[in-house]
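Working notes, beginning with the structure itself.
Read-outs throughout are calculated quantities, based only on the coordinates presented, and are distinct from any laboratory measurement. The model shown is predicted, which means the values in this text are computed figures rather than measured ones. Because the Cβ atoms are built from the backbone with ideal geometry, glycine has one as well, and the counts that use them run over all protein chains shown.
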Amino acid sequence: MVVACRERQGTELPSNRPKEPAMTFAKGILAALALAAAVGQASATELEHWPAPAARQLNALIEANANKGAYAVFDMDNTSYRYDLEESLLPYLEMKGVLTRDRLDPSLKLIPFKDQAGHKESLFSYYYRLCEIDDMVCYPWVAQVFSGFTLRELKGYVDELMAYGKPIPATYYDGDKLATLDVEPPRVFSGQRELYNKLMENGIEVYVISAAHEELVRMVAADPRYGYNAKPENVIGVTTLLKNRKTGELTTARKQIAEGKYDPKANLDLEVTPYLWTPATWMAGKQAAILTYIDRWKRPILVAG
């Protein structure tokens, strides 16, 4: 189309001859089409970081489903980026002295802390021990542990973590023996970032369904600086009630979205509480989230997790 338009545009009438209205109109239309095509070419995303066979499969899938109301669903942790957001944010905030045992909501102190002479158990270690009981205990806990902060505060810490670029030292118990490890902050997968954008450029809606706190995941997936460019309302995760500190009013992004009242910027000064909202978006809850928040009947064309 671009070549054809350029050829037509190159056929000029002599400058001393009056231009007919029909010709002028046609040239205007062709110029607009050429500009639109050029913009489309400039913004088109290629799957450059994918192996060629996988890129061909994905391109074929996208072509077959473009602009037909299709959607795709992605996890974030160890899928859209490498490593885990909550599992690195927890020790990062402990390292900064921001998130402490004293600040922890009393409802989250489920078992006694395992302190030793000269060592006070970390919240990261506590989380690991809750996982030893059952994932159904530690999955919600590691989302609830960030209660007491406003979304604005947490957004600042998430951006710090993403820019940190170094392992975060942490401790945990291996049986009764104290052990150390380095926890890596998330690293963006360029290929996944490309795939998100290519899908959306072709009219395929992209959703995120994560077992991490929805608000934390949204801070990465929907922030243009990280390149995923997901719509804020399309980020779905573990949700806890948000509280207005001035009025005491309770809400969640999911409630606001359902009511058509969602404004991410207006929520920044709301405080995260530990009270869970359902469905819980881990394990089988991911399917429940699709049915509840996306579509009860239409299946996604792609699920990555």
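Estimated from helices alone, the mean residue ellipticity of the chain at 222 nm is -12500 deg cm²/dmol (sum of -39500 (n - 2.57) over DSSP H runs with n ≥ 4, per residue). When 89, 241 are sorted by how many other C-beta atoms sit within 10 angstrom of their C-beta, beginning with the fewest, the order is 241, 89. Straight-line reach from residue 177: taking Cα to Cα under 20 Å and skipping same-chain neighbours fewer than 8 places apart, the aspartates and glutamates in range are 115, 121, 132. Pairs 155/198; 166/286; 243/265; 120/166; 261/298; 68/198: which are spaced more than 19 Å apart, C-alpha to C-alpha? In this structure, 155/198; 166/286; 120/166; 261/298 lie more than 19 Å apart at Cα.
Seen from residue 156, the other residues with C-beta closer than 14 Å to its C-beta sum to a net charge of -2, counting Lys and Arg as +1 and Asp and Glu as -1. To the nearest ten degrees, helix 21-43 and the longest principal axis of the Cα atoms of the chain are 30 degrees apart. Among 169, 195, 154, which residue has its Cα furthest toward the positive end of the charge dipole of segment 153-200, with +1 on Lys/Arg Cβ and -1 on Asp/Glu Cβ? The listed residue farthest towards the positive side: 195. Each Lys and Arg adds +1 at its Cβ and each Asp and Glu adds -1 at its Cβ; summed about the Cα centre, segment 36-131 shows a dipole of about 220 debye.
Among 111-117, 45-51, sorting by the average number of other beta carbon atoms lying within 10 angstrom of each residue, highest first, gives 45-51, 111-117. Can you list the residues of segment 166-201 with backbone N under 18 Å from a point 7 Å past the Cα of residue 103, pointing along Cα to Cβ? It comes to 168-171, nothing else. Between segment 184-203 and segment 257-289, the C-alpha centres lie 23 angstrom from each other. Each other residue within a Cβ distance under 13 Å of residue 298 adds +1 if Lys or Arg and -1 if Asp or Glu, for a net charge of +1. Globularity index of segment 105-222 is 1.29 (Cα radius of gyration / 2.2 N^0.38 Å, N = number of residues).
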